[in-house]
Amino acid sequence: MSRLADSRVDRHRRWFDRGTSALVGAAGVGVLGTILLMLLYLLWEVMPLLQPAAISYSHSEPASGAGLLPAGRGPDPASPALLAELADAGLIAGAAGPSVRLAGGRAVIVATGDGGLVEFGRTSAGPGGPWARFRRLDSGGLPVRWLVAEPQRAVVYALAADGRLQAWHTVAERRLLATRLPRTVGADSVAVAADGASLAVRVGETVHHYRVRNPHPEVSFTSLWAAVWHPDYPAPARVWQSSPAGASDEPKLNLAPLALGTFKAAFYTMLFAAPLGVLAAAYTAYFMARPLRRVVKPGIELMEAVPTVVLGFIAGLWLAPRVEHALAGFLAAPLILVAGIVAAGALWSALPRRWRRRLPPGVRPLLLLPVVVLLPWVSVSASPVIEAACFGGDVSGWLERQLGIAYQQRNALVVGMAMGFAVLPTVYSITEDAIFSVPRSLSDGSLALGATRWQTLTGVVLPTASPGIFSALMIGLGRAIGETMIVLMATGNTPILDVDPFTGLRSLSANIVMEAPESIVGSTHFRVLFLSALLLFAFTFVINTLAELVRQRLRYRYAAG
């Protein structure tokens with residue numbers, strides 16, 4: 001009976017193990033399948049951006065007295081006075097060929113004698129502003145007879161007398177079409193529809209119509225990442241402005257400010273969370289008494305349960321105004337805190353040894369709690385004194401005068417503190433587990449050879465735990481890159497291209513949250529937002545992959561050592 005019962009137990013255990021393994025495998029396959037489906041869907045929405053333009057013959061009809069297209073736009077050349085002004089300024093060398101106005105007359109394309117297309121534009125808003133040469137489009141020596149531009153997009157069609165046609169998006173510097181149109185030799189006039197969906201060419205007494213498929217001409221590597229010169233801008237710039245300022249303007253969809261804003265927020269977050277998390281974990285795992293550790297570690301991990309929307313709300317409405325009001329005190333707080341801790345340590349060392357032995361080593365950090373709490377409060381309270389002594393009574397004015405930085409209330413410094421508070425528990429918990437998991441025999445052997453506890457920590461424990469510490473930092477960085485609510489509520493969401501901590505930013509994730517509800521399904525704006533999501537996916541995938549490779553290398557190195 002005993003053997004029969006044991007065999008039944010073993011059989012049931014094998015069934016349970018197989019069932020558990022099958023469930024775990026199915027869960028893993030489900031997770032991988034979900035990630036793959038998400039990636040495929042992102043690619044499905046992004047791929048139309050790469051679709052090339054196409055033109056095909058539609059039909060012909062007799063010419064009438066009306067325009068070629070009822071709601072279209074025909075040739076709109078620049079005025080002779082403007083061409084003379086450009087020539088006098090030395091911008092046009094030689095004779096100017098056909099021309100067409102863009103952006104409501106704030107830019108103009110001129111066909112030059114050497115077969116190129118050159119765009120000129122105003123460099124300041126309002127009439128009478130100076131003109132500059134924006135860019136040159138290499139048409140390959142096309143002898144342009146007609147130039148016509150779409151009224152709503154910066155798309156220009158150049159038609160030669162022999163029927164060769166080229167189409168360009170000037171801002172993207174992208175050649176959309178290079179073909180020969182049938183039935184257009186000796187064209188007398190050209191017109192394009194308001195939506196860019198059709199082209200009409202008049203030859204003699206016949207008008208030939210062509211269907212144009214050109215859904216996303218404004219997307220190219222240049223328009224998405226490079227500095228581009230727009231009308232009314234004094235210099236080339238990387239600009240994200242999805243809502244055009246005027247009826248004749250196009251959306252500006254440069255992703256560089258958003259990508260930089262994402263990494264800027266992540267950098268200042270890790271600047272706050274990485275040193276605090278790693279050092280706190282090292283002390284908790286290696287120096288702190290175990291009864292106190294059992295209280296401190298869960299307490300810090302509970303910080304991770306605070307919703308990020310609450311942290312963003314507090315950062316945007318409470319922390320940001322107080323940082324602006326006491327900026328000098330907040331900047332001085334780390335220095336004052338470090339000096340106070342060093343002074344407290346020196347004072348502790350100066351006490352008689354018999355006094356120090358009365359307090360167990362593991363609970364001595366409790367003596368620093370008043371120092372850690374009071375010194376930042378003292379620094380912030382003394383902000384007017386510090387500001388008057390070091391910054392002439394106006395730290396914001398000093399930053400603008402000396403460094404050229406215009407302080408903004410919601411900035412990367414505030415985001416770093418708020419998002420660092422959110423990332424800190426993750427970095428701390430994983431790092432503490434990695435340090436605490438180092439075999440006791442390694443540290444005991446180091447101590448037996450005469451090393452101090454600090455030397456053992458830095459020379460034995462931390463290198464052995466370095467794979468786990470590196471994983472903690474990379475996981476924290478990945479969370480900082482993908483964080484949305486704190487960045488959305490505490491930054492001002494200004495898509496600017498700088499790295500200083502006193503200005504705002506806009507991240508890729510916050511931009512998706514802000515603009516996805518307003519975008520038109522299938523539009524270029526809509527698909528560029530999906531491209532932003534794909535970039536976030538790529539950033540986190542690359543970071544996690546590199547982190548895993550480095551972690552495995554560190555594990556092999558110290559395991560072999």
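So the values come out like this:
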quantity: Test for Asp195: is it at pLDDT below 90 and either open to solvent by 40 Å² or more (accessible area, probe 1.4 Å) or touching a strand residue (DSSP E or B) at 6+ places or on another chain (Cβ under 7 Å) (or both); calculated: yes
quantity: Hits in region 491-503 (condition: of a type outside the set (D, E, K, R) and either modelled with pLDDT of 90 or more or open to solvent by 30 Å² or more (accessible area, probe 1.4 Å) (or both)); calculated: Gly492, Thr494, Pro495, Ile496, Leu497, Val499, Pro501, Phe502, Thr503
quantity: Checklist (1) modelled with pLDDT of 90 or more; (2) open to solvent by 30 Å² or more (accessible area, probe 1.4 Å) applied to Leu549, failing item; calculated: (1)
quantity: Flag if Val24 is open to solvent by 50 Å² or more (accessible area, probe 1.4 Å) and on the phi < 0 side of the Ramachandran plot; calculated: yes
quantity: Residue list for region 466-488, filter: among the small types (Gly, Ala, Ser), at pLDDT 90 or above and closer than 16 Å to Ala281 by Cβ; calculated: Ala472, Gly476
quantity: Failed condition for Ile435, given (1) modelled with pLDDT of 90 or more; (2) within 25 Å of Trp348 (Cβ to Cβ); (3) open to solvent by 30 Å² or more (accessible area, probe 1.4 Å); (4) hydrophobic (A, V, I, L, M, F, W, C); calculated: (3)
quantity: Yes/no for Ser56 being of a type in the set (Ser, Thr, Tyr), farther than 30 Å from Leu535 by Cβ and more than 43 Å from the chain's Cα centre (by Cα); calculated: no
quantity: Given (1) at pLDDT below 90; (2) within 27 Å of Pro130 (Cβ to Cβ), number of the condition Gly186 does not satisfy; calculated: (2)
quantity: Count of region 310-329 residues which are part of a helix (DSSP H, G or I), open to solvent by less than 60 Å² (accessible area, probe 1.4 Å) and either without any contact (Cβ under 8 Å) to a residue 60 or more places away in the chain or in contact with a His (Cβ under 9 Å, 6 or more places away or on another chain) (or both); calculated: 1
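Yes or no, residue by residue, for (1) surrounded by 14 or more Cβ atoms within 10 Å (Cβ to Cβ); (2) outside any helix (DSSP H, G or I):
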site: Arg354; (1), (2): no, no
site: Arg358; (1), (2): no, yes
site: Leu366; (1), (2): no, no
site: Val385; (1), (2): no, no
site: Trp398; (1), (2): yes, no
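The values are calculated or read from the model by the stated rules, or taken from the named source; none is laboratory data. All of these numbers come straight from a predicted model, not from anything done at the bench. When we count neighbours, we look across all protein chains shown, and the Cβ atoms used for this are built from the backbone with ideal geometry, even at glycine. Only protein heavy atoms, including side chains, enter the accessible area calculation; ligands, DNA and RNA are left aside. Shrake-Rupley method; radii C 1.70, N 1.55, O 1.52, S 1.80 Å.
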